[in-house]
Amino acid sequence: MQDTPRTETETTKELHFDDSHLLTQLYGENNENLKEIEGLFKVKIYSRGGKLSVKGGSTKTASAERFLNEIYRIVQKGYTLVPGDIELAARIVQENQSPLEDIFLDTVCISTRKRVIAPKSLGQKYYIDAMRRSDIVFSLGPAGTGKTYLAMAMAVSSFVGREVSRIVLTRPAVEAGEKLGFLPGDLAQKIDPYLRPLFDALYEMIDFEKASRLMEKGVIEIAPLAFMRGRTLNDAFVILDEAQNTTSRQMMMFLTRLGFSSKAVITGDLTQVDLETGETSGLREAAELLQGIEGITTVNLTKKDVVRHPLVRSIIEAYETKKKQPES
């Protein structure tokens, strides 16, 4: 005889928030945040001024209560909620991870639009801590997990804080089905499309005109990986982006460029290797080969750390499922 599944006892939690000035932030325009929280936690929320009633299954109600209190605390401490924060924060609370303030309030830097740049998941928090702690960090993960964006934020933070005197940004000029020679223009124009993601992230952190002046002075340098050969990079924060497209020789060449008082962050997605068939990714080899060496950390970000449109996570899940299925 099978046991009948137990139905959760329905319960109601009453919450009261004292600061009426923060209610718009907490509730969202036209109570949009509360509606989103209802959907995420499968509860009903009734608002009246600073008082909220949360109604639903006992476990879900307790989780929603904790979430609302934690969101209120970070808003109290000056955090400004932006689109997507509610869903990302709910994921952290529902998985019983760290308190939201330990993650959302860990400011890395302020963007040109006065937006606070901080981790939005436990994986991203670990990534930022790794960059603070280690001189070489490998960041592996799918699109949308903030690999390049957070590395750029840390580079700018280190530069502004005078921990380094320059920023060097590089990536291999390898794309699926294209070669540099097929593109029109001089060398600078040819490499521009390959380095555009780095420019985009840079201009989020530093005003365009200021960034342009710093690039003119060579304080910020953006160049293809081939230009790194023979150099020693002292007192620099170096980012190698799209590193899954490096060969073994290129990766070794890059890693041995690191000089005194420098940090290197190497980012890449091992599911998007565009090298010739049979050629080993230098990122995959280095991440495995250098494990356990003090001062080197590998961070593996997953779909849980995706901070783009929610559909991006669903797309990644669909491809992961397809990859696991045997070929017919």
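Computed values, structure above
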item	result
About the Cα centre, charge dipole magnitude for the chain (Lys/Arg +1, Asp/Glu -1 at Cβ), debye	300 debye
Label-point separation, Ser111 to Arg133 (7 Å along Cα→Cβ), nm	2.8 nm
Qualifying lysines (Cα of each under 17 Å from Cα of Lys77; at least 8 residues distant if same chain)	Lys114, Lys120
Where Rh is the Kirkwood radius over Cα pairs, Rg/Rh for region 15-69	0.93
Restraint check, Lys35/Lys304; Lys44/Lys147; Lys13/Lys147, Cα-Cα greater than 30 Å	Lys44/Lys147; Lys13/Lys147
Gain in span if fully extended, Tyr319 to Asn69, counting 0.36 nm per residue against the direct Cα distance	86.4 nm
Segment Glu216-Ser58, length gained on full extension (0.36 nm per residue, minus Cα span)	50.8 nm
Where labels lie 7 Å past Cα in the beta-carbon direction, separation of His21 and Asn300 in nm	4.7 nm
Cβ-derived FRET efficiency at R0 41 Å, Ser165 paired with Leu81, nearest 0.05	0.70
Sum of -39500 (n - 2.57) over DSSP H runs of 4+, divided by residues of the chain (222 nm, nearest 500)	-12500 deg cm²/dmol
Inter-label distance, nm, simple model (7 Å from Cα along the C-beta direction), Glu279/Thr9	6.5 nm
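Each reported figure results from applying straightforward, stated rules to the coordinates on display, with no laboratory input. All values reported here derive from a predicted model rather than from experimental measurement. In this analysis, Cβ positions are derived from the backbone assuming ideal geometry, glycine residues included, and neighbour counts consider all displayed protein chains.
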